[in-house]
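A short worksheet on the structure shown next.
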Amino acid sequence: MSAAVLPVRPGIPADSRLRFSGILRSEWIKLTSLRSTLWSLLTIILVGIGLSFVLALTMESAGVPDEPSVRFTLSIVAIGAACGQFVAAVLGVLAISGEYSTKMVQSTLAAVPSRLPVLAAKAMVLLGLVTAVGLVTLFGSWAATYAMFDDLGLAVSLAEPGLAGALLGAALFLGLTATFALGVGAILRSAAGGVAAVLGVLLLLPLALSLLGNSMEWVAAVTPYGFAAAGESMWSIPAGPAAGSPVPGTPLTPGAGGLVVLAWTTMSLVLGALTLRGRDA
Amino acid sequence: MIHAQTLTKRFGSRTAVDGIDFTVRPGQVTGLLGPNGAGKSSTMRMIVGLDRPTRGEVKVNGRAYREHRAPLREVGVLLDAKAAHPGRTARKHLLALAATHGIEAARVREVIELAGLESAADRRAGSFSLGMGQRLGIAAALLGDPATVILDEPVNGLDPEGVLWVRTLLRTLAAEGRTVLLSSHLMSEMAQTADHLIVLGRGRVLADAPLRDLIDGATASAVRVRTPQLSRLASAITGHGITVTTLDDGAALVMGMSPEHIGNAAAAAGVPLYEVAAVAGSLEDAYMSITADEAEYRSLTTTAHKERS
């Protein structure tokens, strides 16, 4: 072939080629260069820590246990995961639907015509960034409310068995929620459709399952395996002291809950990958 | 070098590209000309793998685009001036694309300068005019210093200075030995930029030839003649396939005879001539003649006329 002999240009290394590390950097630049991302992440942190702080301020009048309790502390400190999951979900959907609505996807896929590495890189960047923000939020909530717990003689240190693990699980749940939503966004390619679908899974599905579960036994049996329910067991304290005892009301240990959420996330990413590879951009 | 073989794209029952074969060669500017809906954009999208051909294939330098190790070094493409996230600055947009291939910030700065975007580089792309969007798209296409450049309607929305810049840029890229493929429905732009034309209509190749040959082959040679004795001249040059048409300004247009023959015939008949001039065909005339059989396009070519003027 008569490929032109091109002079070396400054800024283009001689071995310049498509590499996964480069695609990862590219997706990092894309995600962090949008103001909407920064606002979303800041919202997760501020709302999470803020709500924990307000709940802690009023906890005495709402009723407190007699002695320090990891479970009680989590009910106040882990509120950031319960609220932040919705912001994380929107962020995850937009990370890919935003490319389609703005036609950015043409530029992206022209640079990476093999396509699938783009989705993999987006998933890794989202998982890492949102989980990190989750850690800041949850450990921040614990730190911000520590003095108020201490005043009531209810302070629980991070060394207390279960607390640090639950906060870690909650942060990981936020990261996985964003990644799960990314897969849904890749399947539906639309912000409105993607957000509606993910909020359906997070909010409506648990509600519908619990209503149906009253009359149908098998529905009650699968309810703990829903995305949101399994996610909640990631930051819950097992009923018994023995290793491997499940979270109250579910057959899942926190670790098993994490695996269920991971399975949901993997499924959505695989379907998203099939859509990305199969359809015209 | 771009090589397409029985390239076909159907969207449902509509055939956008209908089994076309063509080769785009390096060292020249090749124009893809045709009305909107003729299959220009679909063809370009298939070249860089955004759309998958229903049948056939297209290769860039011997391989499918997606099989290249460094796609951006191989092909730079501008398909849509709006193919950037409006919330991201031009610089971050380019840095993100460059990062995929390990291309450094120095090259990003260089293409920003090349495209004349220095003052706008840190503004968000959403605030850009169409013309600035085109410049950003061209900057992105040049990031990898590619051997092949593909631009879909690059002068849309550009001011006259920008149009001239694109024309010069494309001529320079071709002179450097690169393969340049440009699409447009603006014939005046094509006539001034392209060396070779592929005319598409309803998804098929209607013509594939050097610009000059296309114009010469598709337009009958005409000679503008001015004489006080037109009727005597007309009878002196009658013959098969020769027509004489009177023009508004009193001159006449003779088709089917060379200026030499007209001059000789006039001298023999003793008819004085005030003016004898060969009239070169225009790309527009050639285009009309090429697409004349495609009845569907009569109105579309008229539209192209209007947009040009």
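The values are calculated or read from the model by the stated rules, or taken from the named source; none is laboratory data. Just so it is clear, the structure is predicted and the values come from calculations on it, not from any experiment. When we count neighbours, we look across all protein chains shown, and the Cβ atoms used for this are built from the backbone with ideal geometry, even at glycine. These area figures cover heavy atoms from the full protein model, side chains too; ligands, DNA and RNA do not enter into them. Shrake-Rupley method; radii C 1.70, N 1.55, O 1.52, S 1.80 Å.
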For B:Gln28, list long-range residues whose amide hydrogen, built 1.01 Å from N in the peptide plane, is under 5 Å from its own amide hydrogen.
B:Val180
Per residue of B:100-111, how many C-beta atoms from partner chains lie within 10 Å of its own C-beta, taken as a mean?
6
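So what are chain A's ellipsoid semi-axes, whole angstrom, largest first, if each one is the square root of 5 times an eigenvalue of the alpha-carbon gyration tensor? Walk me through the numbers on the way to the answer.
Numbers: eigenvalues 317, 103, 51 Å².
Over the Cα atoms of chain A, the ellipsoid semi-axes are 40, 23, 16 Å.
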Share of alpha-carbon pairs per 10 Å distance bin for chain B, given as whole %:
6, 23, 27, 20, 12, 8, 4, 1
Given backbone amide H placed at 1.01 Å from N, residues whose amide H is under 5 Å from that of B:Val279, ignoring those fewer than 5 places away on the same chain, are B:Ala222, B:Val223, B:Arg224
Calculated [θ] (222 nm, deg cm²/dmol) that DSSP helices of n ≥ 4 give over the protein assembly as shown, each run adding -39,500 (n - 2.57):
-16500 deg cm²/dmol
State, in square angstrom and to the nearest 100, the accessible area buried between chains A and B, both chains counted, probe radius 1.4 Å.
4000 Å²
Any chance you could check the Cα centroid distance between the range A:140-170 and the range A:11-88 for me, in angstrom?
17 Å
Computed ³J(HN,Hα) along the range A:82-98: with the Karplus parameters 6.51/-1.76/1.60, θ = phi - 60°, integer Hz and x for glycine or proline, the list is 5, 7, x, 4, 6, 5, 4, 5, 5, 4, x, 4, 5, 4, 10, 5, x
Taking the 0 to 90 degree range and rounding to the nearest ten, how far is the long axis of helix B:160-175 tilted relative to the main principal axis of chain B, both from C-alpha atoms?
80 degrees
One finds, for A:Leu274 and A:Asp151 with R0 = 60 angstrom and r their Cβ-Cβ distance, a FRET efficiency to the nearest 0.05 of 0.65
Would you work out the charge dipole size for chain A about its Cα centre, treating the Cβ of every Lys and Arg as +1 and the Cβ of every Asp and Glu as -1, and quote it to the nearest 20 debye?
1620 debye
What are the residues whose amide H is under 5 Å from the amide H of B:Arg88, where those residues sit 5 or more places off or on another chain and H is modelled from the backbone?
B:Ala125, B:Gly126
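In the protein assembly as shown, what percent of the accessible surface is made up of carbon and sulfur (1.4 Å probe, ligands and nucleic acids excluded)? Walk me through the numbers before you get to the answer.
On the way: 15250 of 25340 Å².
Ligands and nucleic acids excluded, carbon and sulfur reach 60 percent.
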Cα centroid separation - the range B:267-285 against the range B:42-59, whole Å
47 Å
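Hey, can you find the accessible area per residue of chain A for me, probe 1.4 Å, expressed in square angstrom? Before the final figure, lay out the partial values.
Working: 12380 Å² over 281 residues.
Computed with neighbouring chains in place, this is 44 Å² per residue.
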Whole-Hz couplings from phi, Karplus 6.51/-1.76/1.60, listed for the range A:26-32; x for Gly and Pro:
4, 5, 5, 4, 4, 5, 7
Rounded to whole Hz and in sequence order, give me ³J(HN,Hα) for the range A:47-53 from the Karplus expression 6.51 cos²θ - 1.76 cosθ + 1.60, θ = phi - 60°, writing x for Gly and Pro.
5, x, 5, x, 5, 4, 4
Span from the the range A:234-254 Cα centroid across to the the range B:157-235 one, whole angstrom:
76 Å
GNM flexibility winner over chain A from A:Leu204, A:Leu91, A:Leu174 (Cα, springs under 10 Å)
A:Leu204
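Relative contact order, percent, of chain B when contacts are C-alpha pairs under 8 Å separated by at least 6 residues? All intermediate terms of the calculation are to be shown ahead of the outcome.
Details: 609 pairs, mean separation 62.3, N = 309.
Over chain B, the number comes to 20 percent.
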Chain B: angle of helix B:130-142 to the longest principal axis, Cα-based, in degrees nearest 10:
70 degrees
Once the piece of chain linking A:Phe53 and A:Glu67 is laid out straight, how much longer is it, given 0.36 nm per residue of separation minus the C-alpha distance between them?
3.0 nm
